[in-house]
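See below for the structure under consideration.
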Amino acid sequence: MHNPPKPLILAINPGATSTKIGLHDGDGWRLRQVIPHSAADLAGFESVIDQYPYRLELVRRALADNGVAPESLTAVVARGGLPRPGPGGTYAVNEAMLDDLRACRYGIHVSNLAPIIAYDIARPLGIPCFTVDPVTTDELWPLARISGMPDLERSNLSHALNMKAVARRVARELARPYDELNLITVHLGTGISVAAHHKGRMVDVVSGNEEGPFSPDRPGTLPAWSLVKLCYSGKYTFAEMKRLMNGEGGLSAYLGTKDVRAVEERIRAGDEHARLVLDAMCYQVAKYTGAMACALGGCVDRIIITGGIAHSDYVVSRIRERIAFLAPVAVLPGEEELEALVEGALRVLRGEETARVYGAQEVESSAVG
């Protein structure tokens, strides 16, 4: 009996200054490459979507330069971008999704390019094209949407791709199905997201862009009335406030740097103000983790700390000392987005999951408890 041929999956993840690609055969990586884009390269494009032909050509060239024939591919998987909010999982890319991404109907982000590029590679080959757990993954309980002001609904945006991936990995380590567990994921990156997973669904999240703990460049939840008065004070323009809310807030506003490693160096040199600010960030992360434990009724199988800042022993230890009483804490540092994309594609190719059809499902809600 012959063994079935190995799959060969192309994963695509565009970022602001690079496009990451990888080739995976189901057992490991055959190729991983970062294609850089300088400011000069991107200066001529009026919008993110206008970059599409430029980035597509570079991906095709990278495959050719590495001797990869497109006909050898089994599937293509792309980072999700900002499609219409819906339940998590692996989606088959279709024209309805592409229309929404090209129009940036649910938000502008460079990752909107990924499924567009992937589909153009996959379609002529007649092979599947997927995206996995996009930022707009929405599995919130109805009561978690209520903000306290009818004009403002709480955001579902989060680091869903990485948080879902590490949740599934911990479930495998526990030898239990993800959809039987209650988990809390804490993603520590430039933005910080904290999510409650109830039996395989992210039923509540604090989004790094809207609320939650402050982070390296975002202020998180702010005193609401004071924020309103500041916005109307004349001190800042709308554009300046926008930068403060995403890019120049958090650690950056207090310490002039987004680099946690640089902050730790200052602490080791005796900078007590730097210690106070970084400890305050850790304190806030712990508080919101506790809030998610309450959302899950105190029944938490694991708390998972992940993201790039999870490499920091200083940060992790200060968060852990405040949350360890809630549940055992697992630390999975880094943000392996290409791996998470491939894992989602493999679940479908191996028959472990059925690919969702974009546009066919509404946001799925589940009852509390």
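The values are calculated or read from the model by the stated rules, or taken from the named source; none is laboratory data. Just so it is clear, the structure is predicted and the values come from calculations on it, not from any experiment. In this analysis, Cβ positions are derived from the backbone assuming ideal geometry, glycine residues included, and neighbour counts consider all displayed protein chains.
Only helices (runs of 4 or more DSSP H) whose full extent lies in region 27-145 are considered here, and the ones with at least 3 residues that are among the basic types (Lys, Arg) are 52-65. For region 156-184, the candidate set comprises residues that are part of a loop (DSSP other than H, G, I, E, B) and surrounded by 21 or more Cβ atoms within 10 Å (Cβ to Cβ); within that set, the residue that is nearest to the chain's Cα centre (by Cα) is 159. In region 202-213, the residues that are more than 20 Å from residue 167 (Cα to Cα) reach residues that are aliphatic (A, V, I, L, M) and in a loop (DSSP other than H, G, I, E, B) with C-beta atoms within less than 8 angstrom, at least six apart or across chains, in these pairs: 209/157; 210/157. Go through region 119-168 and count every residue that is free of Cβ contacts under 8 Å to residues at least 40 places away in the same chain and aliphatic (A, V, I, L, M). Qualifying residue count for the region: 3.
Counting only residues that are within 19 Å of residue 243 (Cβ to Cβ) and of a type in the set (Gly, Ala, Ser), which one in region 213-226 is nearest to the chain's Cα centre (by Cα)? Only one residue tops the list, namely 215.
Checked against (1) in contact with a Gly (Cβ under 7 Å, 6 or more places away or on another chain); (2) among the polar types (S, T, N, Q); (3) modelled with pLDDT under 95, residue 284 meets all criteria but (3). For region 8-26, the candidate set comprises residues that are part of a loop (DSSP other than H, G, I, E, B) and modelled with pLDDT of 95 or more; within that set, the residue that is nearest to residue 119 (Cα to Cα) is 8. Do we find a residue being of a type outside the set (Gly, Ala, Ser) and over 20 Å from the mean Cα position of the chain (by Cα) anywhere in region 133-141? Within region 133-141, not a single residue is of a type outside the set (Gly, Ala, Ser) and over 20 Å from the mean Cα position of the chain (by Cα). Out of 250, 256, 307, one residue alone is of a type outside the set (Phe, Trp, Tyr) and surrounded by fewer than 15 Cβ atoms within 10 Å (Cβ to Cβ). It is 256.
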